[in-house]
Amino acid sequence: MARVRVAVNGFGTIGKRVADAVAKQSDMELVGVTKTRPSFEARRAAEKGYRLYVAGANGAAEFEKAGLPVAGTVSDLLSQVDVVVDAAPEKVGRENRKLYDAAGVRAIFQGGEKSDVAEASFNALGNYAACLGKKSLRVVSCNTTGLARAASVVVPSWGVDHWEATLVRRASDPAETKRGPINGILPTFLLPSHHGPDVRTVFPDLSIATTAVVVPTTLMHVHVNHVRLERPPAHALDVVAAFRSAPRFHLFAPWEHVDGTPQVMEYARDRGIGFNDMMENVLWEEGVRLDGRDLYFFQAIHQESIVVPENVDAIRAMFHLAKDARESIAKTDQALGLAPH
Ligand code: NAD
C-alpha cells in the first residue's frame, strides 16, 4: 500500500515534533511543513530536509531574504497530500479548516480547538476503533490525553464510580517567553474545569470532575487523581502492574530517586528520545495508593510531547493502516524509540 502523504501546517512546539514523528513512520511520507515567517525553526526544517511552505498572510520574500528555500504556499502543499496535521495556535486551526475543506484534504486538529472542529475527538488507547475512517479528528489536549490514557487502564480493569482530578498546570512551555514567568498560584475559576467534559469526548460515560491551578513551572503538569472504583483490586501493586503493562506509561520505582518533574525531565534528557521528550504518562510506584475502593495516584504529563504519538495513531485510524489500536501504538512507539509493549 502506498504511504499516506502528510502535511504539517504550523511548525511550532507540537508541529515540529509531529513532523519528526511522521517522518519516522514507514507507512507515512512527510511531504512538507509550513512556517508563517523565517525563524530558527524554519532553518531547522530546511536543515532536516523538510520542504518548507509559507502559511498565513506573509509571502515568500522574507524567507528568500533569509536564504531559506520555499517550495510554495500552504495551498500548494495541500494539493499534494492525503491528510494535514494542523498544529497552528489554538483557534487558528478552526480558521485553517476552510483551507482544508476547499482542498478536499482530511485533517487532524489539536486540543486547542473546540471538539466540534472535527468529526470525533481521538485518543489512541481510549477510542481508536470509534475513529476509524473519519475524515477529520481532533487529538485531545495534553491534560486530556493523560487522563484518557489513565482511564483506558482503570475503567476496563476495575470500573469507575467517580473520578476527581486536580490538575497542577505548568504556566508556559520552556520556549514561550511571551507568557512570562509568574510568581504565584493561579486558580482556574471555571469550576469544575473544562478537562472533565473534554475527557468525556473520548469516554462519554465516565463520571469525572476536574479542577486546575497554574503554577510557575515549565516542567510538566501533575495530576492528583482520586478515583472511586466499582470493583477494586486486592492491592495497589495490582494497579502498578496494570499501568506498567500498558503502552505509553512510564513508572519510576522508589530506588530511582525521582522525586518530581525536574528529575523526570533530566531522565528524558538522559534518554534522548525526540526533543528529549517524555511522551508517556509518568507515574511513581510510591505515588499509587489504594484505600478500599479509593484509588489515589499522581501522574506527570509532558505537555510538549504527550500528544505526538497520538497524532501518528490518529492518521493510522483515519486510513485503516493498522488492524487495531495496539498494532498502531506498537508501530508508532517502535519508530519513536519508546519502550515496546
Ligand atoms: P506554537 O505557538 O508553539 O506553534 C504554533 C505554530 O503555528 C507557530 O510556529 C506559528 O508561527 C504557526 N502559525 C501561526 N499562524 C498560523 C497559520 N495561520 N497557519 C499555520 N501555522 C500558523 O503552538 P503549540 O504549542 O505547538 O500549539 C499548537 C496546538 O497544539 C494548539 O491547539 C495547542 O492548544 C495544542 N497543544 C499544545 C500543547 C503545548 O503544551 N504546547 C500541548 C498539547 C496541545
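The values are calculated or read from the model by the stated rules, or taken from the named source; none is laboratory data. Owing to the predicted nature of the structure, the values given are computational and were not obtained by experimental measurement. Don't worry about glycine lacking a Cβ; one is built from the backbone with ideal geometry, like all the others, and counts go over all protein chains shown. Only protein heavy atoms, including side chains, enter the accessible area calculation; ligands, DNA and RNA are left aside. Shrake-Rupley method; radii C 1.70, N 1.55, O 1.52, S 1.80 Å.
Mind scanning Lys35/Lys65; Lys48/Lys135; Lys24/Lys114; Lys134/Lys323; Lys91/Lys114 and naming the pairs with a C-alpha gap bigger than 18 Å? Beyond 18 Å: Lys48/Lys135; Lys24/Lys114. Given +1 at the Cβ of Lys and Arg, -1 at the Cβ of Asp and Glu and no other charges, the dipole of the chain around its Cα centre is 820 debye to the nearest 20. Put +1 on the Cβ of every Lys and Arg and -1 on every Asp and Glu Cβ in the chain; which of Ser26, Pro309, His194 then has its Cα farthest towards the positive end of the dipole? Highest projection toward the positive end goes to Ser26. Across the chain, the fraction of Cα-Cα pairs farther apart than 33 Å, rounded to a whole number, is 26%. Packing order of peptides 176-184, 48-56, highest average first: 48-56, 176-184 (average count of other Cβ atoms within 10 Å over each peptide's residues). Peptides 323-329, 9-15, 289-295, ordered by how many other C-beta atoms sit within 10 Å of their residues on average, highest first, read 9-15, 323-329, 289-295.
Going from most exposed to least, what order do Thr217, Thr145 have by accessible area with a 1.4 Å probe?
Accessible-area ranking of Thr217, Thr145, largest first: Thr217, Thr145.
When nucleic acids and ligands are ignored and a 1.4 Å probe is applied, His320 ends up with an accessible area of around 110 Å². Taking the chain as a Gaussian network of alpha-carbon nodes connected by springs under 10 Å, the highest mean-square fluctuation of the residues Gln263, Gln110, Gln25 belongs to Gln263. Compared with the direct C-alpha span, the chain from His341 to Glu266 gains 24.6 nm at full extension, assuming 0.36 nm per residue.
In percent, how large is the relative contact order of region 236-303, given Cα pairs closer than 8 Å and 6 or more residues apart?
Answer for region 236-303 is 33 percent.
Positive end of the charge dipole of region 142-301 (Lys, Arg +1 and Asp, Glu -1 on Cβ, about the Cα centre): tell me which of Gln263, Ile182, Gly292 has its Cα farthest that way. The listed residue farthest towards the positive side: Ile182. Estimated from helices alone, the mean residue ellipticity of the chain at 222 nm is -9500 deg cm²/dmol (sum of -39500 (n - 2.57) over DSSP H runs with n ≥ 4, per residue). Taken as Cα centroids, region 94-114 and region 301-341 sit 21 Å apart, rounded to the nearest whole angstrom. Going 7 Å from the Cα of Glu119 toward and past its Cβ, which residues in region 198-223 have a backbone nitrogen under 20 Å from where you end up? Label zone hits: 201-204. Along the charge dipole of the chain, Cβ charges K/R +1 and D/E -1, which of Val214, Val81, Phe275 sits furthest on the positive end? Farthest towards the positive end: Val81. Charges were assigned to the Cβ only: +1 to each Lys and Arg, -1 to each Asp and Glu. The resulting dipole of region 142-301 about its Cα centre is roughly 340 debye. With a cut-off of 14 Å on the backbone N, the residues of region 297-331 near the modelled label site 7 Å out from Ser26 along Cα-Cβ are 322, 328, 330-331.
Provide the per residue accessible area, probe 1.4 Å, for the chain, rounded to a whole number of square angstrom.
On the way: 14950 Å² over 341 residues.
About 44 Å² of surface per residue is accessible.
Dipole size of region 1-128 about its Cα centre, with +1 on Lys/Arg Cβ and -1 on Asp/Glu Cβ: approximately 280 debye, rounded to the nearest 20.
Computed extension gain for Ala130 through Ile182, at 0.36 nm per residue and net of the alpha carbon distance, reaches 14.7 nm.
Go through 38-44, 279-285, 236-242 and give me the packing order, highest mean Cβ count within 10 Å leading.
279-285, 236-242, 38-44
Across the chain, the relative contact order, built from alpha-carbon pairs under 8 Å that are at least six residues apart, equals 17 percent. Leu167 sits among other residues whose Cβ lies under 15 Å from its own Cβ, and their net charge, with Lys and Arg +1 and Asp and Glu -1, is +1.
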